[in-house]
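All remarks here apply to the structure that follows.
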Amino acid sequence: MKPFGYHRPADVASAVAMAAQVPGARFLAGGTNLVDLLKLGVEAPELLVDVSRLPLGLVEPLPDGGLRIGATVPNSELAAHPLVRLHYPALSQALLSGASGQLRNLATTAGNLLQRTRCPYFQDVTKPCNKRVAGSGCPAREGVHRDLAVLGASAACVATHPSDLAVALAALDAEVRLTGPTGSRCCPLTEFYRLPGDTPALETGLRPDELITAVDLPPPWSGTRSAYRKVRERASFAFATVSVAAVVVVREGRVARVALALGAVAAKPWRATAAERAMLGQPATEEVFRAALDAELAAARPLRDNAFKVPLAREAAVRVLADLTPQQEESE
Ligand SMILES: Cc1cc2nc3c(=O)[nH]c(=O)nc-3n(C[C@H](O)[C@H](O)[C@H](O)COP(=O)(O)OP(=O)(O)OC[C@H]3O[C@@H](n4cnc5c(N)ncnc54)[C@H](O)[C@@H]3O)c2cc1C
Ligand code: SF4
């Protein structure tokens, strides 16, 4: 591993200022992804700025009824938070489906959102990879790509984003709060992530030296139900093959509001807006849900070995929506 400097600033302003002094500096949170990438030689920064002890570790109710989640809140703490379990169950379920108990104790909100793809070529520095070395090629297109993207990919890159948390946050209309050398700003999570296009190394709209300080959730919709479901190779300690986060309100048997996001199908959590439009105002039936998912997935462009993900994503989403809606009709 290449030697690197290490600083542990006491506040956000110092953290951002320290990172700005050294080109390519990296923020270190739980280290559960970044340290692995340092060991593999995928990352080789001159400086690590340890943000794990910044005062960003709280989950706080917002005056409008929403919730602010600090950037360094451990995944395990967030999953267990009473307000999250009560108002945003999809979020809690997504977190608990990820990694292991030990990892979730270390992994943070921001670190989870910014973890890198698990594409095997990205993690192997002896192989070409456009995301790691621009213009070197994408061996995944013809090689091992069973777990890779079916939506929004490009000739340059077909990687998927591995976070479960990000998928739930996309369905919950979360906003990312950022602070950089020139000030603070907010960005809807669905606009934060980028599709690969010709520049797969640019994964988000994060500007150089910008720190994620928190993620804000809007108040839950009245009468809402939400759930996260993850399909994977084995029951624990595995990344998603596909995943679904759904937030839905049904009134008089019809879909009054719905937000749907698919995971492990694209380089970003995939907000299924075509499916949402197709369901809105329609009877809450499996036929309607399936037709809506077909409308969304018409854009899918699978590779040789991952076409199975398209019907898998559709049926997983139909199942989640169907499981959520009858219970809701009964309770109203
Ligand atoms: C065996 C294993 C299994 C796993 N399974 C799953 C799974 O099933 N689902 C899943 O979602 N994840 C899974 N993970 C990934 C795990 O959730 C991530 O490694 C973890 O969430 C990263 O958080 P961290 O705080 O450790 O981030 P770090 O490793 O410290 O950092 C990750 C990235 O985020 C950046 N960063 C961190 N904090 C900030 C900040 N505040 N502002 C700006 N940049 C920041 C770092 O610079 C780095 O680029 C698994 C990991 C392992 C090792
Ligand atoms: S899919 Fe993306 S990350 Fe994987 S080898 Fe191709 S360019 Fe690299």
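The values are calculated or read from the model by the stated rules, or taken from the named source; none is laboratory data. Keep in mind that what you see is a predicted model, and the values were worked out from it rather than measured. Glycine also receives a Cβ, built like all others from the backbone with ideal geometry; neighbour counts cover every protein chain displayed. When the accessible area is computed, the model is the full protein with side chains, heavy atoms only, and any ligands, DNA or RNA have been set aside. Shrake-Rupley method; radii C 1.70, N 1.55, O 1.52, S 1.80 Å.
Sort out which residues of the stretch 259-289 are within 27 Å of Pro196 (Cα to Cα) and either in a strand (DSSP E or B) or within 11 Å of the chain's Cα centre (by Cα) (or both), and write them in order of number.
Ala259, Leu260, Ala261, Leu262, Gly263, Ala264, Ala266, Ala267, Lys268, Pro269, Trp270, Arg271
Which of the strands (runs of 3 or more DSSP E) found entirely inside the stretch 132-251 contain at least 3 residues meeting this: within 15 Å of the chain's Cα centre (by Cα) and over 27 Å from Pro45 (Cα atoms)? Break it down stepwise before answering.
Details: elements: 175-180, 183-188, 211-217, 225-231, 242-251.
Answer list for the stretch 132-251: 225-231, 242-251.
Do we find that Pro63 is without any contact (Cβ under 8 Å) to a residue 40 or more places away in the chain and within 21 Å of Pro219 (Cβ to Cβ) in this structure? Working first, answer last.
Working: without any contact (Cβ under 8 Å) to a residue 40 or more places away in the chain: yes; within 21 Å of Pro219 (Cβ to Cβ): yes.
So Pro63 fits the description; yes.
Pull up the stretch 289-309, narrow it to residues that are under 14 Å from Val158 (Cβ atoms) and of a type in the set (A, V, I, L, M, F, W, C), then point me to the one that is surrounded by the fewest Cβ atoms within 10 Å (Cβ to Cβ).
Initially, the stretch 289-309 is screened for residues under 14 Å from Val158 (Cβ atoms), giving 300-307, 309.
Those still in the list that are of a type in the set (A, V, I, L, M, F, W, C) too: 300, 303, 307.
Numbers: Ala300: 20, Leu303: 18, Ala307: 13.
Among those residues, the one meeting the criterion is Ala307.
Can you tell me how many residues in the stretch 96-126 are near ligand 1 (Cβ under 8 Å from one of its atoms) and within 22 Å of Ala235 (Cβ to Cβ)?
Within the stretch 96-126, residues that are near ligand 1 (Cβ under 8 Å from one of its atoms) and within 22 Å of Ala235 (Cβ to Cβ) number 10.
Of the residues in the stretch 217-239, how many are touching a Lys or Arg at 6+ places or on another chain (Cβ under 9 Å) and open to solvent by less than 20 Å² (accessible area, probe 1.4 Å)?
Residues meeting the conditions: 2.
Tell me yes or no: at least one residue of the stretch 101-122 is without any contact (Cβ under 8 Å) to a residue 12 or more places away in the chain and charged (D, E, K, R).
The initial filter retains those residues of the stretch 101-122 that are without any contact (Cβ under 8 Å) to a residue 12 or more places away in the chain, namely 102.
With charged (D, E, K, R) added as a condition, the list becomes none.
No, the stretch 101-122 has no match at all.
From the list Gly137, Gly183, which one is without any contact (Cβ under 8 Å) to a residue 40 or more places away in the chain and either among the hydroxyl-bearing types (Ser, Thr, Tyr) or near ligand 2 (Cβ under 10 Å from one of its atoms) (or both)? Spell out the reasoning first.
Values: Gly183 fails: either among the hydroxyl-bearing types (Ser, Thr, Tyr) or near ligand 2 (Cβ under 10 Å from one of its atoms) (or both).
After applying the criteria, what remains is Gly137.
Within the stretch 239-255, track down each residue that is over 14 Å from Thr160 (Cβ atoms) and within 13 Å of ligand 1 (Cβ to nearest atom).
Taking the stretch 239-255 as the starting set, the residues that turn out to be over 14 Å from Thr160 (Cβ atoms) are 244-255.
Across the stretch 239-255, the qualifying residue is only Ala245.
Answer yes or no: is there a residue in the stretch 196-209 that is modelled with pLDDT of 95 or more, away from ligand 2 (no atom under 16 Å from the Cβ), touching a strand residue (DSSP E or B) at 6+ places or on another chain (Cβ under 9 Å) and within 18 Å of Ala245 (Cα to Cα).
Among the residues of the stretch 196-209, not one is modelled with pLDDT of 95 or more, away from ligand 2 (no atom under 16 Å from the Cβ), touching a strand residue (DSSP E or B) at 6+ places or on another chain (Cβ under 9 Å) and within 18 Å of Ala245 (Cα to Cα), which makes the answer no.
Just one of the numbered conditions (1) part of a strand (DSSP E or B); (2) hydrophobic (A, V, I, L, M, F, W, C); (3) open to solvent by less than 20 Å² (accessible area, probe 1.4 Å) is not true of Ala256; which one?
(3)
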